[in-house]
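Presented below is the structure to which this report refers.
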Amino acid sequence: MKSLFRCPLCAAPLEREERRWLCPNGHSFDRAAAGYVHLLPANQKHSKDPGDDKAMVAARSAFLEKGFYRPLRDALCLAVTEYAVNFPDPVLLDSGCGEGWYTAGLFQALRKEEPKIAGVDLSRAALRRAAKRVPEGEFAVASAYHLPLPDQSVDVLVNIFSPLAAEEFARVLRPYGLFCYAVPAARHLWEMKEVLYEKPYENPVKREEYSGFLWMDVKEIRFTLNLQDNSDIMALFRMTPYAWKTPKEGIARLEMLDQLTCQAGFDLHLYQKI
């Protein structure tokens, strides 16, 4: 069966066999028992085991499965389904798909369109979950900056809080393809930041222009999070960049909370490939 992916070594097409992906030049990539394939060459790895670790993936997955970020996923699915009607049998790529929570929502939303879905991420721990959530999709360990997909092979590309590789995204998208990019709004998680920092700061917000793309619209998603358990509060914290750069005193204050009500805000930017 032909794969959506291409060989990361020679760019030749890949065929999916039961236990491996194989290109006509003899390059072979084993299928992991969990269902994903490793397409990240050694010279593209920046650490022994790149991407989020098991603990981070488990915390994020538990938080998302409780539906706290459902308004964002619903808005993403609506934007994609409205646009995907322009493409028969759409091909969708989730770049930085993580554990596949958004990918699964998109697959269900597009079922009538009979989509073909692929996801890439650096984290093997995350891809184990993604492949289980969407067994109909293809998932690979790969870098967003070296996507293992052919030129102009994708109709819709989504990027939810993952590294932005605009040049690569433009390469793999077909003309008039859709690029969805989610970023936090200015006061996203403001009340959490008031606990973590003596002087909280707003997130910088501006519309970016990317070569090869035409900006079309932004969907502003705003809602309130009511967290009634410290495990949910800390899971949310570990999903954010604050987990890497918060002083110990701030983390200690957050660990003392039994509940937290805070605003959540996202801007979903929609671009068209030109």
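The values are calculated or read from the model by the stated rules, or taken from the named source; none is laboratory data. All values derive from a computational prediction rather than experimental measurement. Positions of Cβ are generated from backbone atoms using ideal geometry, with glycine treated the same way; all protein chains shown enter the neighbour counts.
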Problem - When residues of the stretch 176-206 are limited to those that are among the hydroxyl-bearing types (Ser, Thr, Tyr) and touching a residue at least 24 places away in the same chain (Cβ under 8 Å), the one farthest from ASN230 (Cα to Cα) - result: TYR176
Exercise for the section: Give the stretch 7-36 a look and list any residue that's of a type in the set (Ser, Thr, Tyr) and surrounded by 14 or more Cβ atoms within 10 Å (Cβ to Cβ), or say none. Expected result: TYR36
Problem - Check on SER153, out of contact with any Leu (no Cβ under 6 Å at 6 or more places or on another chain), at pLDDT below 95 and of a type in the set (Gly, Ala, Ser) - result: no
Practice task
Answer yes or no as to whether LEU173 is touching a Lys or Arg at 6+ places or on another chain (Cβ under 8 Å), more than 27 Å from ALA55 (Cβ to Cβ) and either aliphatic (A, V, I, L, M) or without any contact (Cβ under 8 Å) to a residue 24 or more places away in the chain (or both).
Solution key: yes
Completion exercise
Restricting attention to the stretch 237-274, the residues that are among the aromatic types (Phe, Trp, Tyr), surrounded by 17 or more Cβ atoms within 10 Å (Cβ to Cβ) and not in a strand (DSSP E or B) number exactly 2
Exercise for the section: Could you please give the count of residues in the stretch 204-236 that are assigned to a strand (DSSP E or B), exposed (fewer than 12 other Cβ atoms within 10 Å of the Cβ) and either modelled with pLDDT under 95 or not charged (D, E, K, R) (or both)? Expected result: 2
Handout entry: Residue among ALA130, ALA125 that alone is surrounded by 24 or more Cβ atoms within 10 Å (Cβ to Cβ) and either within 13 Å of the chain's Cα centre (by Cα) or assigned to a helix (DSSP H, G or I) (or both)
Key = ALA130
Problem - Given (1) within 29 Å of ILE251 (Cα to Cα); (2) surrounded by fewer than 17 Cβ atoms within 10 Å (Cβ to Cβ), number of the condition HIS146 does not satisfy - result: (1)
